[in-house]
1. What angle do you read, to the nearest 10 degrees and between 0 and 90, between the alpha-carbon axis of helix 21-34 and the longest principal axis of the chain?
2. Let me check I've understood the local charge: for residue 15, count other residues with C-beta under 12 angstrom from its C-beta, Lys and Arg +1, Asp and Glu -1. What total comes out?
3. Using the heavy atoms of the protein chains and a 1.4 angstrom probe, tell me the accessible area per residue for the range 71-129 in square angstrom.
4. Taking the Cβ of residue 78 as the center, what net charge do the other residues with Cβ under 9 Å away carry, scoring Lys and Arg +1 and Asp and Glu -1?
5. In the set (1) 23, 19, 17; (2) 28, 20, 13; (3) 26, 20, 13, which value of semi-axes √(5λ) of the Cα gyration tensor in Å was calculated from the structure you see?
6. What residues qualify as long-range amide H neighbours of residue 138, i.e. H under 5 Å apart, gap of 5 or more or another chain, H built at 1.01 Å from N?
7. Using only Cα atoms, find the angle between the long axis of helix 110-126 and the longest principal axis of the chain, and express it within 0 to 90 degrees, rounded to the nearest 10.
8. How much accessible area per residue does the range 1-58 have, counting only protein heavy atoms and a probe of 1.4 Å, in square angstrom?
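The values are calculated or read from the model by the stated rules, or taken from the named source; none is laboratory data. Since the model is a prediction, treat every value here as computed from it, not as a measurement. A quick note on method: Cβ atoms are made from the backbone with ideal geometry, for glycine too, and the neighbour counts reach across all protein chains shown. Please note that ligands, DNA and RNA were not included when accessible areas were found on the heavy atoms of the full protein model with its side chains. Shrake-Rupley method; radii C 1.70, N 1.55, O 1.52, S 1.80 Å.
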Amino acid sequence: MTEYRRCDAVWTLEQGPLDTEALAADLMVAIGEITPIAPARYELNRRGRWREYDGRRLMVDLLTQRTQLVTIEEEKPVERGGTMVIVATGKQDRPVQAVLRWRQPWPPSPKRREQIEAAVRAGFQGLPLASFALRVADDRDGEPGDGEVAFEITGEPPDDFGPWWRDR
């Protein structure tokens, strides 16, 4: 039987704040390369006021000076197979960070590993990334932040991700 684990992919950009549409769009593309997301709603600055997803409106809100944190969710929660994205916009001299949370079979198939590795390489080519990390929960009910890092890359991705992958 396949076991599913919660995963977090974390991008940290070298520069901030997130203040151009081109950079924001490139970050969203990098997120979607790891795993697709069908956004249903989003909210700003953890105020609990959810808005129906509209890509153009999200982009405007994301780049607004007062927006520090954006949460994007699918209709289903992560626990039931949905996907969630949190973007810290790097305002107030903080780094721009994006976290993608989803569930997937663990360990991933060789094809899925290749897909993730290709997405990470593309992210380093298309974004001013300082680092990328993939965290995986230790068990099916665990939180990725409590689990081990499947791999973490600072600088340039390696030619071979093999040593970075850790199966549990």
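1. Tilt relative to the chain: about 20 degrees.
2. -2
3. Spelled out: the 1.4 Å probe surface of the range 71-129, per residue, equals 49 Å².
4. Result for the neighbourhood of residue 78: +2.
5. (3)
6. Sorted by chain and number, the residues that satisfy this are 143, 147, 148.
7. Helix 110-126 and the main axis of the chain meet at about 40 degrees.
8. The answer is 58 Å² per residue.
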